[in-house]
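Step one of this worksheet: look at the structure below.
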Amino acid sequence: MVHRIGDIATALGGRAVGDIGLTVRGAAEPSGAGADDLALAMSPKYAEGLRAGKARAALLWDGADWEALGLRAAIFVARPRLAMAGLTRVFDPGPEIAPGVHPAAIVDPSAEIGAGAAIGPFVVIGRGVKIGPRARIASHVSIAEGALIGADALLLQGVRIGPNVRIGDRFVAQPGAAIGGDGFSFVTPEKSGVEEIRSTLGQREEIREQAWTRIHSLGSVRIGDDVEIGANATVDRGTIRDTQVGNGTKIDNLVQVAHNVIVGEHCLLCGQVGIAGSVRVGDRVVLAGQVGVNDNIVIGNDVIAGGGSKIFTNVPAGRVILGYPAIKMEGHVESYKGFRRLPRLMAQVAELQKAVSKLTKSD
Amino acid sequence: MVHRIGDIATALGGRAVGDIGLTVRGAAEPSGAGADDLALAMSPKYAEGLRAGKARAALLWDGADWEALGLRAAIFVARPRLAMAGLTRVFDPGPEIAPGVHPAAIVDPSAEIGAGAAIGPFVVIGRGVKIGPRARIASHVSIAEGALIGADALLLQGVRIGPNVRIGDRFVAQPGAAIGGDGFSFVTPEKSGVEEIRSTLGQREEIREQAWTRIHSLGSVRIGDDVEIGANATVDRGTIRDTQVGNGTKIDNLVQVAHNVIVGEHCLLCGQVGIAGSVRVGDRVVLAGQVGVNDNIVIGNDVIAGGGSKIFTNVPAGRVILGYPAIKMEGHVESYKGFRRLPRLMAQVAELQKAVSKLTKSD
Amino acid sequence: MVHRIGDIATALGGRAVGDIGLTVRGAAEPSGAGADDLALAMSPKYAEGLRAGKARAALLWDGADWEALGLRAAIFVARPRLAMAGLTRVFDPGPEIAPGVHPAAIVDPSAEIGAGAAIGPFVVIGRGVKIGPRARIASHVSIAEGALIGADALLLQGVRIGPNVRIGDRFVAQPGAAIGGDGFSFVTPEKSGVEEIRSTLGQREEIREQAWTRIHSLGSVRIGDDVEIGANATVDRGTIRDTQVGNGTKIDNLVQVAHNVIVGEHCLLCGQVGIAGSVRVGDRVVLAGQVGVNDNIVIGNDVIAGGGSKIFTNVPAGRVILGYPAIKMEGHVESYKGFRRLPRLMAQVAELQKAVSKLTKSD
């Protein structure tokens, strides 16, 4: 598809200069751009790349001299990273899923499919499922009995939606995401070692040889509007009530959200984050890659946790944390400096001991 | 389905009071319970919720005055968490998989399917596979040649079972679990850097530019009775012998069990645990979320490892461990207190140095 | 299939002794070996096992007396671990995928399938896809529009290949691997808390209540020759340019490779490694299990990172690192010794304070 530079600038809320009627077909890094590409050169470091590439138009950094760069047209925007959102949306053709229901899909007669939906081959849609208008469902997806999915959903290949899962509008699920598996909840006949050490912090009176009995998941999963779930990520059903993910929250690949967890609105859960059972996460919380959250923790609004943090205690709203266990980022940075200097510190203490011993003797 | 309060109490080994003939259709948290729900109010904090909800019957905490709470019937049990197992089993309708073999499933003529099995659409079952009676196999599952699965299995959507995998009775696999992929085992023509630093703890004589050659997996996976495997979890085949998971062990979502690993009986491997190649895990071991185990480690019976622990050395039976690297939990807690106080400790040492230097001069 | 001992020795570049015409059908651990198995006894610790088992031929440790061990034939090799590669390849029958295109596969008429390919049931191959000769594609695989896959590929059950992904020869993908999902890239209207704390290391001026807008992925994924990707691992598409994985690199189960990442040649990324967006990884880098790499980091050639390391800063070529955050392995080991001794160190400092205070007073 062809886009005019002037139209793109308008769509991005930016300003076009030069030949605003010039058209482009795609976007590219400056050095690799062809004559039909809009080059993305949002900092001066790309100037050389622009000259090496063939782009005639570019998205430029503030203050760039587009004519001196040999361009025929240019676009300027206030916040380049934000412009990337609009720009990539314009050029994204989306996955190819043929309109209508593929003959090799199996849709239960009681299911309701919204107008304009596209459903790929080998999709299975269960009893009583309702899917909103314009849904795009790629091959091999399964949607179990009673699930509800809002308007404009995009479910990529092999996504699993469990029984009675309810999802809002504009939902995106990457390949292999599994929403609505059973919670991991087991119990022993008598108190287990895990229950014991939670109170004793490591001491055990007696080790019992016990087996685990399954607690079934009667709840399901409830997901708000504008949520995205990453490839092969997992969100489990609740035990009695639903596991919940709030509006606007984005979940990356291979993230685990356990049973009964409530995640607030507009959160980012980055790659391989793990949230154990019954945790409550506030709004606008950002958990960087590989963060882990112990079960039954409460994380306040606007918390940011650095990569690999392991959260064992409640976190007040607005706090920035890091570490294992996670503490205030500044505190962790200070303590970590000390960790690096520990060998020297130990040597200093040894010297002090000698000196003091000598002083004491001579005293 | 409808259940009498008296029958539920009997099933849970508990005691019913009031109108034991009253029937309920489901279980719910007290405040959201309807007239047909059994409210789950196993601690006094739910008293208010009970009054707000519409439940006429409840599972109550010990000593609760059921009549004062406005109920018509109540159930009391000795260990509420254990009662949850029985209760949720009673009310779980299970996934809807139509009896018999779906016409869109592909079952090799040589496969043996047990009596009463239910096999969903787009399932593929390979040559010589044997599946026990009453198995429930949801859509999109694949079971490769030579695999054996015991009685009463539940395989949810998209589960992958590799060649010659042998699994006991009452197996449960959540969506996307992949059992029997090839082990991750590669070798370089000459000694690799990894082999070298294992002995030198970081020193390298020479860096060789080598490529990796694949060691194929000739073993398979052997799984006991009463095992559950979580969504998108992976268990790899062994190199020569089988990778093994013992009776009663439960494995959570996104867990990795590598080639040649032997996991004992009645273990819990929580979300995102990773166990590297050839590790031996004893019986009743609990690894909390995101625990990692280095290859070739031996973990004794009844070990409990706290969340995020990374285990680099053998662990004796019964030990409770934490940290990176994981050590005895008490030791870690003490050392970690020191870590937090390191900035102060460094300041104290600096002051001591000044004082001692002054004393030495004046001496 | 039957193999002569002499032929196996030749294939492994080793030396056969005794009855080199003796044939075997498989390989086994010594104690469990049958009469038709080649026993793998590459260290003296297996001598007893050899006597317990029924093997008539064995792969032996250097200097072993094969006749005294009761064998009729034996093979000796220079580097036993390397011999395992050749040996297991010889005995691996590979997955059973019937030749040709299964009638229940859906292949777009515009797709080109190489000679000798085997494509299983419920496979979906999109518009313009090109697959090289002798490809083996197991059931439930999806390959989206425009993807290119080289010769001799092995794609196991349920693998997902996204649009325009380009892959070299001899590619192996384990069950559920998802290559070409959208990158996890979102932006807020104004500067986000995450952008702020990156410069301030934890300080925040103002907390804005913002929502995330999606940056679409216009790039795809480009993978070299001889690459293997593990079960349920994920490799995301790039934003503008392609995410890249170099020749000979092996990626284990549940690994996450984010958008724009460039991984060099002959790397090993072990189980559950996570690499955040726009990271560059050099050649022959080994990241052990559960290693995490912060976004926009550069890792030099031949770096080795120990299990669970979290990498927050660029790493020079050839370095061996460990820890959270990851530092030189020797430095970490020294600091960690100090961490273990911290309780004692604190006690020593407290004693010194007392002693010095006494000295100062008496001074």
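Some notes on this structure:
- For segment A:199-277, Kirkwood radius (reciprocal of mean inverse C-alpha pair distance, Å): 14.0
- Taking the convex hull of the alpha carbon positions in segment A:261-363 and averaging its projected area over all directions gives 8.3 nm².
- Total charge dipole magnitude, the protein assembly as shown, about the Cα centre, Cβ charges on Lys, Arg, Asp, Glu only, Debye to nearest 20: 2360
- Scanning chain C for GluC sites (Glu not before Pro) lying in DSSP loops with no more than 13 further Cβ atoms inside 10 Å, the longest uninterrupted stretch between such sites is C:210-363.
- Excluding same-chain neighbours fewer than eight residues apart, the lysines reachable from residue B:328 by a Cα-Cα span under 16 Å are B:310, B:337, C:337.
- Long-range HN-HN contacts of residue C:14 with modeled amide H, under 5 Å: none
- Ratio of Rg to Rh over the protein assembly as shown (Cα coordinates, Kirkwood Rh, two decimals): 0.99
- Pairs of Cα atoms nearer than 8 Å and 6+ residues apart set the relative contact order; for chain C it is 6 percent.
- The residue B:19 and residue B:47 beta-carbon pair, evaluated with R₀ = 25 Å, returns a calculated FRET efficiency of approximately 0.80.
- Comparing mean-square fluctuations of B:133, B:325, B:80 from a GNM of chain B with C-alpha springs under 10 Å, the top value falls on B:80.
- Each other copy holds its own label point for residue C:296; taking that point as 7 Å from Cα along Cα to Cβ, the gaps run 4.0, 4.0 nm, nearest first.
- Copies compared at residue B:78 - label distances in nm, ascending, label defined 7 Å from Cα in the Cβ direction: 6.9, 6.9
- Normalised size of segment C:312-363, defined as Cα radius of gyration per 2.2 N^0.38 Å with N residues, equals 1.84.
- Here the ratio of the Cα radius of gyration of segment B:3-91 to 2.2 N^0.38 Å is 0.91.
- The distance separating the Cα centre of segment C:1-27 from that of segment A:266-325 comes to 57 Å.
- For chain A: span of alpha carbons on each principal axis (Å, largest first): 89, 69, 29
- Accessible surface ranking that places the most exposed of A:1, C:84 first, with a 1.4 angstrom probe: A:1, C:84
- Partners for residue B:361 among lysines (Cα-Cα distance below 30 Å; same-chain residues under 8 apart left out): A:354, A:358, A:361, C:354, C:358, C:361
- Phi to ³J(HN,Hα) by Karplus 6.51 cos²θ - 1.76 cosθ + 1.60 over segment C:57-64, Hz, x for Gly, Pro: 9, 8, 8, 10, 6, 4, x, 5
- Between the amide H of residue C:216 and those of A:88, A:89, distances stay under 5 Å, these residues lying 5 or more places away or on another chain, with hydrogens modeled in the peptide plane.
- Karplus-based coupling profile of segment B:6-12, in residue order and whole Hz: x, 5, 4, 4, 4, 4, 8, with θ = phi - 60° in 6.51 cos²θ - 1.76 cosθ + 1.60 and x standing for Gly or Pro.
- Area accessible to solvent at residue B:23, 1.4 Å probe radius, in Å²: 50
- What you get for segment B:203-338, charging only the Cβ of Lys and Arg (+1) and of Asp and Glu (-1), is a dipole of about 180 debye around the Cα centre.
- Inter-copy label distances at residue A:313, shortest first and taken from points set 7 Å along Cα to Cβ: 2.8, 2.8 nm.
- Evaluated with a Cβ-only charge set (Lys, Arg +1; Asp, Glu -1), chain C carries a dipole of roughly 840 debye about its Cα centre, given to the nearest 20.
- When the Cα positions of B:325, B:306, B:356 are compared along the charge dipole of segment B:295-363, B:356 comes out farthest toward the positive end, with charges on each C-beta of Lys, Arg, Asp and Glu.
- Aspartates and glutamates with Cα under 19 Å of residue A:191, excluding same-chain neighbours fewer than 8 positions away: A:205, A:206, A:209, A:295, B:62, B:265, B:283, B:302
- Computed lengthening from residue A:361 to residue A:208, 0.36 nm per intervening residue step minus Cα-Cα distance: 49.5 nm
- Placed amide H near residue A:149: partners under 5 Å, 5+ positions off or other chain: A:130, A:131, A:132, A:167
- In order through segment B:230-235: 3J(HN,Hα) via Karplus (6.51 cos²θ - 1.76 cosθ + 1.60), integer Hz, x for Gly, Pro: x, 4, 6, 6, 9, 10
- When chain C is treated as a Gaussian network with alpha carbon springs shorter than 10 Å, the biggest mean-square fluctuation among C:176, C:230, C:318 belongs to C:318.
The values are calculated or read from the model by the stated rules, or taken from the named source; none is laboratory data. Quantities reported herein were computed from a predicted structural model and do not represent experimental measurements. In this analysis, Cβ positions are derived from the backbone assuming ideal geometry, glycine residues included, and neighbour counts consider all displayed protein chains. Side chains are part of the model used for accessible areas, which takes the heavy atoms of the whole protein and leaves out ligands, DNA and RNA. Shrake-Rupley method; radii C 1.70, N 1.55, O 1.52, S 1.80 Å.
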